[in-house]
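Enquirer: Input: one structure, supplied below.
The values are calculated or read from the model by the stated rules, or taken from the named source; none is laboratory data. A quick note: this is a predicted structure, and the numbers were derived from the prediction, not measured. Note that each Cβ is placed from the backbone with ideal geometry, even for glycine, and that neighbours are counted across all protein chains shown. When the accessible area is computed, the model is the full protein with side chains, heavy atoms only, and any ligands, DNA or RNA have been set aside. Shrake-Rupley method; radii C 1.70, N 1.55, O 1.52, S 1.80 Å.
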Amino acid sequence: MSPTNTNGNNSNNSSSHHKKIRMVKDKIFLITVGALTLIAILPLFHIIISIIIKGLPIILKNGSTFIFGTLSEGGIGPAIVGTLMLTLLATLIGLPLAFLAGAYSYEYPDSFIGRTTKMLLQIMLEFPTILVGVFVMGILVVPMGSFSAIAGALALALILTPYVSVYTEEAMAEIPRIYKEGGYALGCTRAQVIFKVITKMAKKGILTGILIGMAKVSGETAPLLFTAGGLYESYPSNPLEPVGAIPLLIYTLVQSPSIEDHQMAWGAALVMLILFLALFVPIRYALKDEIKL
């Protein structure tokens, strides 16, 4: 065998050896990532499974009464309606202000107001929500002399605002400047460029922020302790009167030493989980399909 052939065989063997090592490393990496991902999501599945196992029996036991009845009847109907009312009112109050704040931060990032607004929004993301409830209690509940749905909605709107604003600003910032310059080249005003060009192109990020904000406020409890008051023996009809909510009811029930109340709390938690999945998962996928089109 010639020296040339010997060198070629050695080179091929070395290349094959390195290729096998790379394949082993890739498999180890994929297994490690998969295991870490499984460990990360296991708590979520554990929570969901626990809620289903402990909450389903009480719902099946009470039937439709659990969904439509009052608390004394063994149901959480007023709390369900109250949660939907508070979430809707909070969105109506907070969404316009949040969008405008995000758009201003995007358009004037170097101005004093723009930098200050962005900084405050970032702080509000981590701000203790219970302090928001105390603040709204001081400016609205105490002067009115009673708890109310509008007070609870205002507190939730303040919590929703930074999520929508930050996502709006970040979504707009991801749009290439060429589209903005193209709008100005066509003779569009600044408002037209922001609201008709940039907003339309950043719709996915903005709507994601809205959904995250709504999901956040629909499960809040602490602010409602000081604002909503709780109403579980009749359905809410006036935003100026106290209102109940599922998270607030769960908090109240788990404080009780009664086993029956704890069972109702698990059932309410399952209803809240179902409402969340039924409302936000289809909307998220619908928005995703719409944007693809």
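Enquirer: How far, in degrees from 0 to 90, does helix 112-125 lean away from the longest principal axis of the Cα atoms of the chain, to the nearest 10?
Expert: Around 80 degrees separate the two axes.
Enquirer: Which aspartates and glutamates have a Cα lying under 16 Å from the Cα of LYS216, excluding residues fewer than 8 positions away in the same chain?
Expert: GLU126
Enquirer: For the chain, with a Gaussian network of springs between Cα atoms less than 10 Å apart, report the residue from PHE195, PHE68, PHE99 with the top mean-square fluctuation.
Expert: Between PHE195, PHE68, PHE99, it is PHE195 that shows the largest mean-square fluctuation.
Enquirer: Can you tell me the FRET efficiency between THR65 and PHE195 if r is taken as the Cβ-Cβ distance and R0 is 41 Å, rounded to the nearest 0.05?
Expert: It comes out at approximately 0.30.
Enquirer: For the chain, with a Gaussian network of springs between Cα atoms less than 10 Å apart, report the residue from VAL281, VAL134, VAL217 with the top mean-square fluctuation.
Expert: Of VAL281, VAL134, VAL217, the Gaussian network model singles out VAL281 as fluctuating most.
Enquirer: Amide H to amide H, which residues 5 or more places from GLY75 or on other chains are under 5 Å from it, using H placed in the peptide plane?
Expert: Here the answer is THR70, since their amide H atoms fall under 5 Å of that of GLY75.
Enquirer: Next question, about the same structure. So, for the chain, what is the accessible surface per residue at a probe of 1.4 Å, expressed in square angstrom? If you can, show how the numbers build up before the last one.
Expert: Details: 16950 Å² over 293 residues.
Spelled out: the 1.4 Å probe surface of the chain, per residue, equals 58 Å².
Enquirer: Please check: in the Gaussian network model of the chain (C-alpha springs, under 10 Å), which one of ALA98, ALA155, ALA278 has the largest mean-square fluctuation.
Expert: ALA278
Enquirer: With a sphere of radius 15 Å drawn around the Cβ of HIS262, what net charge do the other residues whose Cβ falls strictly inside it have (Lys, Arg +1; Asp, Glu -1)? Each step should come with its number before you reach the end.
Expert: Values: positive: LYS54, LYS61; negative: GLU260, ASP261.
Net charge in that neighbourhood comes out at 0.
Enquirer: What's the FRET efficiency of CYS188 with LEU275 using the Cβ-Cβ distance as r and R₀ = 45 Å, to the nearest 0.05?
Expert: Details: r = 41 Å, r/R0 = 0.92.
With R0 = 45 Å, the Cβ-Cβ based efficiency is 0.60.
Enquirer: Report ³J(HN,Hα) in whole Hz for each residue of the range 37-47, in order, from the Karplus equation J = 6.51 cos²θ - 1.76 cosθ + 1.60 where θ = phi - 60°; Gly and Pro get x.
Expert: For the range 37-47, the Karplus curve yields 5, 4, 5, 5, 8, 4, x, 4, 5, 5, 5 Hz.
Enquirer: Mind checking the angle between helix 203-218 and the chain's longest principal axis? C-alpha axes, 0 to 90 degrees, to the nearest 10.
Expert: 40
Enquirer: Also: Select one label from (i) 47, 33, 16; (ii) 42, 25, 17; (iii) 32, 21, 17: the one whose number is semi-axes √(5λ) of the Cα gyration tensor in Å as derived from the coordinates shown.
Expert: (i)
Enquirer: Calculate, in nm to one decimal, what ALA35 and TYR179 gain on full extension: separation in residues at 0.36 nm each, minus their alpha carbon distance.
Expert: On the way: separation 144, 0.36 × 144 = 51.84 nm, distance 4.26 nm.
Additional length available on full extension: 47.6 nm.
Enquirer: Then there is this: Given the pairs LYS118/LYS203; LYS118/LYS196; LYS25/LYS204; LYS118/LYS200, which are separated by over 30 angstrom at their Cα positions?
Expert: Numbers: LYS118/LYS203 20 Å; LYS118/LYS196 23 Å; LYS25/LYS204 37 Å; LYS118/LYS200 22 Å.
In this structure, LYS25/LYS204 exceed 30 Å between Cα atoms.
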